Structures are given as C-alpha cells and as structure tokens.
C-alpha cells in the first residue's frame, strides 16, 4: 500500500492544469490568422486564437461576477431569516 503525501497530491492535481495548458497552446498555434476585432469605438487586429481566448476569459469573469452577486444575495437572505427566527424564539421564552 502506497501512502499519499502532500507532494504526491500536489503533482496529481497539477496534471489537469498541464493538460489544459497543452490544449490551449495547440489551439493558439493552430489559429494564427489575424482577424479584425471591434468593440464599441475600439478596433484592431489580433490573432484569432487570442481574440477567442479573450472572449472566453471575459465571459468567465462575467459569470463569476454574476454568480458572486447571487451568492451574496442568498447569504444575506439566510442571515435575515436566521436573525428573525432567533428573535422569535427569544420572544416566546
């Protein structure tokens, strides 16, 4: 039986990151063609892979921001309900 150590777990958790990095690098090297990108009043040319990766990153950041706001709302709701129930239990004593 082989014991698991922190170092071995760190290397194992690093493996998926390396796989994703290799996939991204293959994607970048296969899509070097320049494309015109326009956003509001800004425009310029970028490699297709950079433009698509930028769009994915912006989309992920927007999803993270919206998810964080929703989690904050739900936590506040739970906090209010907990405070109300504690107040009701104190009154009934």
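Every number here is computed from the coordinates shown, using simple stated rules; none is lab data. A quick note: this is a predicted structure, and the numbers were derived from the prediction, not measured. Note: ideal-geometry Cβ built from the backbone for every residue, glycine included; neighbour counts use all protein chains shown.
Measure nothing fancy, just the Cα-based angle from helix 6-30's long axis to the longest principal axis of the chain, in degrees from 0 to 90, nearest 10.
Orientation of helix 6-30: about 40 degrees from the principal axis.
Within segment 1-28, which residues have the backbone N less than 20 Å from the label spot 7 Å out from residue 63 along Cα→beta-carbon, could you tell me?
Residues 16-25, 27-28 qualify, since their backbone N sits under 20 Å from the label point.
Find how much the distance from residue 85 to residue 3 grows on full extension, using 0.36 nm per residue of separation minus their present alpha carbon separation; answer in nm with one decimal. Show your work: numbers first, answer last.
On the way: separation 82, 0.36 × 82 = 29.52 nm, distance 4.73 nm.
Extending this stretch completely gives an extra 24.8 nm.
Name the residues of segment 33-62 whose amide N is less than 15 Å from a point 7 angstrom out from the Cα of residue 78 along the C-beta direction?
Hits in segment 33-62 for residue 78 at 15 Å: none.
What does the highest-first list of 39-51, 72-84 look like by mean Cβ count within 10 Å? Don't skip to the answer; put the middle values down first.
Working: 39-51: 11.5, 72-84: 10.0.
The packing order, highest mean first, is 39-51, 72-84.
Determine, for 19, 35, the number of other Cβ atoms within 10 Å of each Cβ, and report the residues in order from fewest to most.
Taking fewest neighbouring Cβ atoms as first place, the list is 19, 35.
Could you give the alpha-carbon Rg of the chain over 2.2 N^0.38 Å, rounded to two decimals?
1.95
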